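Participant: Below is a structure I'd like to ask you about.
The values are calculated or read from the model by the stated rules, or taken from the named source; none is laboratory data. Only a predicted model underlies this, so the values are computations on that prediction, with no experimental measurement involved. All Cβ positions, even for glycine, are placed from backbone atoms using ideal geometry, and neighbour counts span all protein chains on display.
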Amino acid sequence: MKQKLKLMGNTTSGQIFISSMLVMAIAFLCIGGYLYKNMSGYILQQSSKYIEITVKQAQERFNSSLTEMDSSLQRLCNDLAVQTILNDYNQNASFSSESFSTLRLKTMNTINYADNLESIELYSKKAQIYPYTKEPLSAAIPETALALADEYNGKAVWLLSESESGGGHTIMAVKRILLADYAFEHGGYVVVHLKPDLMDSIAQDLNALGDCTLELTDCAGARVSYGKTLKDMNPEAFERNYQLADSTSSYSGWTFSIYIPKELTSNDISWMSGIVIYGFLIGTGVFLICSLFIARMISKPLSDMRKSMVIADGKLQANDRHYSNSDINELNIHYNALVEKNNRLIEQVFEKEILRTKAEITALQSQVNPHFIINALESVYWSLIQKNDMDNAGILMAMAKLFQYILKGSDRITIDQELTFVEQYLQVEKFRFGDRLTWEYQVEPEVRSIQIPKLLIHPLVENSMKYAVETTSSPVHIVIRIVENGDGCVISVTDNGPGIDQETMERIQESFKNTNPVGSVSGSYGLANLYKRIKLYFEKSSELTIESEPGSRRTTVTMRIHTNNLS
């Protein structure tokens, strides 16, 4: 045995193996000990800094949102029309419909241009004037909030409040209005309620820290907690197991307090020690194997070069090494050329696929969000109501509801909700075509609760309007029929119009075969777009068929979908 070891130590491969193992062992012991000693203290320090920074960042984002909304409120309070109305009401206790319309317009504009505002209420010195309820001030606003608003004298007071929708907390602000155009006289109060989104974002920041508890305290002392409840823990156990990081805002007076389990800050130390040990063991094995192979590769460079290519296992990586052996160099040049060509082709395929996917998703989700259109329609609606033009007012309200349906809510709705939208659409078209347009529904009760993508039935009805109602002066009757069919349903729309001519029918059928992304077809809510949408949503388990002959006085478009396959 000694003779074999001595012989191994005298060979080149043996010397390379022994020296490599010794260097590896010494290096790992020195580096591992140094890293563990220094990194453990560094990890504890950085964990504490990270938590403190997270609390301050959450506080700063919170203050930034409040400051932005405070600016919007200040513009509303300083508005000349608002100040004039408040001054007149405080002096005369009178309130006209024009004043109400003005306040409504101003508040709606403020809500629309501030993302987190949910509602705004305006009060005179004694009562609520918008919305106009005449509710006494003392009954509408808590006494504590009024006292703070008077103390702050024009600055916003941010307080915790129960969410109007229930199930959580939100934020309300009370601000005393000073009439700048009337010697800064006290004019009343403005109260705003924020959407729960701001509180939800704070809770999400907490989730990033793990099993922690967040406590928010407003300027009035009200508190709300997120995470684990710590009320029942005794002070000694609390100090032993938790670390406190807090931050108080000079602007809002709110205090953010985060209680972090100390085990979270020390988890990385045990993890790091395990990494060092496993690294030492893995490194020892790797060095053992590599040393043996390196010793042999010295005498067989060409063979080992080919083995390295096979070991690559499909992971094409260029080899930039230069060898003294010309055969290996030539082989390496051809290999690198192959790697470059394949990587370029792979990148091209990925880029095309990514662009195609993005185009389809963008086309499906690209919806303009023009809230100002809805506001304008509602303003015109109230104007028509004041003029007693009920017919036009009804049509405008139907159009506003159409916009709201398209712009708001989930992308998936029930068939019953979709039929409500179709009814509003037909009412608008009824205003246009009068008694020439009639319709009926034949819908099984079982299918009304089935979930479908938004705007799935509307294109079928719109098709009848385009090819039946608009192309004839005769009365047209539309039948919307929905029946259950196994794990899905069959939706059909039939009209007694003049039918679709052969050329148009061929053009529609050809558009079904078009491979362009959804949304690129002319008329993005036409049958071609609908066909591509149901293929994307329901994969291959869907059909869209058209039955029509010119002069037959009957056109039926049928859509079969399997809602269990909705993706």
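Participant: Tell me, which residue of segment 105-114 that is farther than 13 Å from Asp79 by Cα and touching a residue at least 24 places away in the same chain (Cβ under 8 Å) is surrounded by the fewest Cβ atoms within 10 Å (Cβ to Cβ)? Write out each step before concluding.
Facilitator: Quick first cut of segment 105-114, residues farther than 13 Å from Asp79 by Cα only: 108, 111-114.
Filter once more, keeping what is touching a residue at least 24 places away in the same chain (Cβ under 8 Å): 108, 112-114.
On the way: Met108: 17, Asn112: 14, Tyr113: 12, Ala114: 22.
Across segment 105-114, the extreme among qualifying residues is Tyr113.
Participant: Next up: Can you name every residue in segment 87-113 that is more than 40 Å from the chain's Cα centre (by Cα) and not in a loop (DSSP other than H, G, I, E, B)? Break it down stepwise before answering.
Facilitator: Within segment 87-113, the subset more than 40 Å from the chain's Cα centre (by Cα) is 87-96.
Across segment 87-113, the qualifying residues are Asn87, Asp88, Tyr89, Asn90, Gln91, Asn92.
Participant: Another question about this same structure. Residues of segment 75-89 being surrounded by fewer than 16 Cβ atoms within 10 Å (Cβ to Cβ), of a type outside the set (A, V, I, L, M) and in contact (Cβ under 8 Å) with a residue 40 or more places away in the chain, which ones? Can you show your working first?
Facilitator: As a first pass, look at segment 75-89 and keep what is surrounded by fewer than 16 Cβ atoms within 10 Å (Cβ to Cβ): 75, 78, 80-81, 88.
With the extra rule that they be of a type outside the set (A, V, I, L, M), the set shrinks to 75, 78, 88.
Within segment 75-89, Asn78 is the sole residue that qualifies.
Participant: Here's something else I'd like to know. For segment 526-559, which positions are outside any helix (DSSP H, G or I) and touching a Leu at 6+ places or on another chain (Cβ under 8 Å)? Break it down into steps so the answer makes sense when it comes.
Facilitator: Kept after step one, since they are outside any helix (DSSP H, G or I), are these residues of segment 526-559: 526, 539-559.
If the condition is that a residue be outside any helix (DSSP H, G or I) and touching a Leu at 6+ places or on another chain (Cβ under 8 Å), then Leu544, Ile546, Val557, Thr558, Met559 are the ones that fit.
Participant: Sort out which residues of segment 427-447 are part of a helix (DSSP H, G or I), at pLDDT 90 or above and crowded, with 16+ Cβ neighbours inside 10 Å, and write them in order of number.
Facilitator: If the condition is that a residue be part of a helix (DSSP H, G or I), at pLDDT 90 or above and crowded, with 16+ Cβ neighbours inside 10 Å, then Val447 is the only one that fits.
Participant: Quick one: which of Val174, Val190 is more than 19 Å from Ala222 (Cα to Cα) and in a strand (DSSP E or B)? Outline the logic, then answer.
Facilitator: Working: Val174 fails: more than 19 Å from Ala222 (Cα to Cα).
Every option except Val190 fails the conditions.
Participant: In segment 470-497, which residue that is of a type in the set (Asp, Glu) and more than 35 Å from the chain's Cα centre (by Cα) is surrounded by the fewest Cβ atoms within 10 Å (Cβ to Cβ)?
Facilitator: Our first condition is that a residue be of a type in the set (Asp, Glu); within segment 470-497, this holds for 470, 484, 487, 495.
Of the ones still in play, those that are also more than 35 Å from the chain's Cα centre (by Cα) are 470, 495.
Details: Glu470: 13, Asp495: 25.
The selected residue is Glu470.
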